[in-house]
Each structure stands twice: as structure tokens, then as C-alpha cells.
1. Does Ala107 count as open to solvent by less than 30 Å² (accessible area, probe 1.4 Å), assigned to a loop (DSSP other than H, G, I, E, B) and out of contact with any Ser or Thr (no Cβ under 8 Å at 6 or more places or on another chain)?
2. Which count do you get for residues in the stretch 22-48 that are in contact (Cβ under 8 Å) with a residue 12 or more places away in the chain and surrounded by 14 or more Cβ atoms within 10 Å (Cβ to Cβ)?
3. Confirm whether Ile46 is modelled with pLDDT under 95, under 14 Å from the mean Cα position of the chain (by Cα) and closer than 18 Å to Met120 by Cα.
4. Given the residues Leu19, Leu54, which is the only one that is assigned to a strand (DSSP E or B), touching a helix residue (DSSP H, G or I) at 6+ places or on another chain (Cβ under 8 Å), at pLDDT 95 or above and buried (at least 17 other Cβ atoms within 10 Å of the Cβ)?
5. For the stretch 129-174: of the residues being of a type in the set (Lys, Arg) and at pLDDT 80 or above, which is farthest from Leu53 (Cα to Cα)?
6. Among (1) under 21 Å from the mean Cα position of the chain (by Cα); (2) open to solvent by 60 Å² or more (accessible area, probe 1.4 Å); (3) among the aromatic types (Phe, Trp, Tyr), which single condition is Tyr171 missing?
7. Can you give me the number of residues within the stretch 8-20 that are within 18 Å of the chain's Cα centre (by Cα) and over 9 Å from Ile112 (Cβ atoms)?
8. Taking Leu59 and the conditions (1) in a loop (DSSP other than H, G, I, E, B); (2) surrounded by fewer than 16 Cβ atoms within 10 Å (Cβ to Cβ), which numbered condition does it fall short on, given that it satisfies the others?
Amino acid sequence: MHIALCDDDKTELSRLCSLLEECSRVKKCSITYEAFQNANELLEAIKDRCFDLLFLDILMPGVTGMDAAIEIRQSDSDVPIIFLTSSREFAVESYRVRAEDYIMKPAGKDEIFPAIDRQMRKMAQGQTYLTLKTEGSFTRLPLEKIVYVEVKNRRLYFTLADSVVREVYGYLADYEK
């Protein structure tokens, strides 16, 4: 599981990183993470990388965690978002971006470990996805819905069971694994 952590407080960010490392050790599971000190850094990283889970602080200077979540949802409707915050006032608004959880700071093992467990269970039970980078955003296609793939001049056309076609630039070898 690859996780993005975004918090403007360096101490809190460091504490969360330690919790993820401990969770990985205790649960004997593979957890990697990237830490970001502001939402702009995270939004830039999301253009090039795919994350399995996002932990976002809401109250940050400039672009807030809620603003970032709204922007993320425009290009990725599936990535799970968990808010970590010191304020209860955005709890209702978090439903609008389909947040998985809303955890009050300071979050400890009792909040973080179960949240990660839930996401890992969903990943294990859920469908297997193929992640495509399409025009600046990521799209997750359930493997069971892909009917066939055509390749024409380094363009791949993924035809889905509902007749939707997703086009990406690249090689078939990039997706064969």
C-alpha cells in the first residue's frame, strides 16, 4: 500500500510517518509512504504518481486539505481520503468529497491502524484494477470490465464491458504485468 501524508506541521508529519512504519512492522505488511508539507506539493505529486490512500490535514495555509480533496476528486473519484484535523467544523463537508474517515488530532495507533486495516481489507476484497494515466489524471479500470485492448501507433485503447473506451499513450508491455 502506497500512502500520501499531507500536513503543514513538521512534528505531526514526522509522528504520522513513525506510526505508518510501526503499523507496517506490527502488521507485517508492505506500507510505503510519501510525506508532503503542503497541499500544492501533494497535488503536483498526484499528477505523476498513484497512491492507494491519502491522509490529509484540513487546516493548512494556502490550499487547504479540503480544497485539495475537491481538486483530487475531479481527476480521481476512487482514491480513499482520510482527513486528520484538529477541527470538527469540516466533518459534514468531508462527505461531499466522499472521505473514508475523519480523525481528530492527535491521531494515535488506535485510530490510524484500524483505518489502514479497513483500506487493506477493501483492497484485498475489492476488484483488481489497472491504473491508467490519461491526460493529466489517473483512471482505475477494474480488470474484470476490460473486454479487449487495441494498439495503434503507440496508442492503447481499452474497451470496457459497457462500451466505454479509454485511450492512453504508451506500450502494451507497460500494462501486461
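The values are calculated or read from the model by the stated rules, or taken from the named source; none is laboratory data. These numbers come from a predicted model, not from an experiment. FYI the Cβ positions are ideal-geometry reconstructions off the backbone, even for glycines, and counts take in every protein chain you see. Only protein heavy atoms, including side chains, enter the accessible area calculation; ligands, DNA and RNA are left aside. Shrake-Rupley method; radii C 1.70, N 1.55, O 1.52, S 1.80 Å.
1. The answer is yes for Ala107.
2. Number of matching residues: 16.
3. When the stated conditions are applied, Ile46 does not pass them.
4. When all the criteria are applied, what remains is Leu54.
5. Lys152
6. Tallying (1) under 21 Å from the mean Cα position of the chain (by Cα); (2) open to solvent by 60 Å² or more (accessible area, probe 1.4 Å); (3) among the aromatic types (Phe, Trp, Tyr), Tyr171 fails exactly one: (1).
7. 2
8. Every listed condition holds for Leu59 apart from (2).
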